[in-house]
Amino acid sequence: MEGNPRSNGKRLFAAAVVGATATMAGKRLIARLTRGRFGDAEEYNAAKVRVSGPITRDAGRPSPLSGPGGTTADDVVEQIEAADEDEDVEALVVELNTPGGEVLPSDDIRRAAADFDGPTLAYATDTCASGGYWIASGCDELWARDASLVGSIGVVGSRPNAAGLADKLGISYEQFTAGEYKDAGVPLREIEEDEREYLQGIIDGYYEQFVETVSEGRDMDPEAIRETEARVYLGSDAAEIGLVDELGTEDDVEDRLEALIGAEPEVREFTPERGIAERLGIGAERVAYAAGSGVASVFASEGGDVDVELR
């Protein structure tokens, strides 16, 4: 039995409206997720890259919690190099909001900033600590807010000590190695004093390298850097002791850019290259999380190596 022609027409019209709405929403979603580094035709003469959150080597896809553009050294270095190769870019702003992270990834970003052909400004927003400060030392100038947290020029190494737990569980440790210190720091047994000295020597070596890097990049006395004892300072205090060049807002940084390049700055943010599948995947994960699916994060370390970070 055929339905009422008028009712059928209403249903068809409603379906068409829903279909058109879904199509437009889908196009907007795809456009938002696939908007790349060169997604619009605006003119620009300066580039900005962000270093946000812990600095790691991991180039895996960011989680829905961190969102796209999470800080991995390879991504940031790629962005800086792309900006350096762009003929329209005359200056670079490295925006820092990070508590620090791994040593070599931080140094990779610093080197990329130091190699940039043009003026470079580091701008500390909330936090520019440890590995973030290591990166900033590769820029021509460091700007911060009055209440930014800046400094923490130090190195930390850590190892879990599960020897007591192993004893309680009746677990014994036996490993065959060649080389006296090959298994130094293994968590299933107590650390020997000579091993502690050996591992502390590695940390001390990283610290001396940190001091030297900051001293050269910031033109500071090494002893003045050591005297900070890895303290973190408010931006205003950091400026007083020379850890920061100038205090100001993002507008002030742009005014400084104008003075450096002799033109009104048009700043373009450079973001990681991601394929359509990865962008859509990130979008789907975000939607799932927002709908209440939740996210489980598991952090694990392999072997008995000591974890060394700038934080």
>> Need pairs with beta-carbon distance below 6 Å; first residue closer than 13 Å to Q79 by Cα and within segment 35-52, second polar (S, T, N, Q) and at pLDDT below 75; sequence gap 6+ or separate chains.
In response: V51/T71
> Out of (1) at pLDDT below 70; (2) part of a helix (DSSP H, G or I); (3) among the β-branched types (V, I, T), the odd one out for T177 is which?
Replying inline: (2)
> Does A113 qualify as being closer than 17 Å to M220 by Cβ, of a type outside the set (S, T, N, Q) and assigned by TED's automatic domain parsing to the domain that holds R256?
Replying inline: no
> Is it true that D167 is surrounded by fewer than 23 Cβ atoms within 10 Å (Cβ to Cβ), assigned to a helix (DSSP H, G or I) and at pLDDT below 95?
Replying inline: yes
>> What's the number of the only condition in (1) within 15 Å of the chain's Cα centre (by Cα); (2) at pLDDT below 95; (3) at negative phi that A136 fails to meet?
In response: (2)
> Within segment 109-129, can one find any residue that is among the basic types (K, R) and not in a helix (DSSP H, G or I)?
Replying inline: no
> Residues of segment 231-253 being closer than 17 Å to S137 by Cα and in a strand (DSSP E or B), which ones?
Replying inline: V232, Y233, E246, L247
> Among (1) at pLDDT below 95; (2) at positive phi; (3) more than 13 Å from the chain's Cα centre (by Cα), where does G101 come up short?
Replying inline: (3)
> When segment 242-260 is examined, which residues are found to be β-branched (V, I, T) and surrounded by 15 or more Cβ atoms within 10 Å (Cβ to Cβ)?
Replying inline: V244, V253
> Any idea which of P68, P62 is assigned to a loop (DSSP other than H, G, I, E, B), crowded, with 19+ Cβ neighbours inside 10 Å, modelled with pLDDT under 50 and under 17 Å from the mean Cα position of the chain (by Cα)?
Replying inline: P62
>> Going through T271, T249, T213 one at a time, which residue ends up being in contact (Cβ under 8 Å) with a residue 60 or more places away in the chain, touching a helix residue (DSSP H, G or I) at 6+ places or on another chain (Cβ under 8 Å) and either in the same structural domain as T125 (by TED's automatic domain parsing) or of a type in the set (D, E) (or both)?
In response: T271
>> Just to check your reading of the model, which residue among A114, A144 is hydrophobic (A, V, I, L, M, F, W, C) and farther than 18 Å from V253 by Cα?
In response: A114
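The values are calculated or read from the model by the stated rules, or taken from the named source; none is laboratory data. These figures come from a predicted structure and were not determined experimentally. Because the Cβ atoms are built from the backbone with ideal geometry, glycine has one as well, and the counts that use them run over all protein chains shown.
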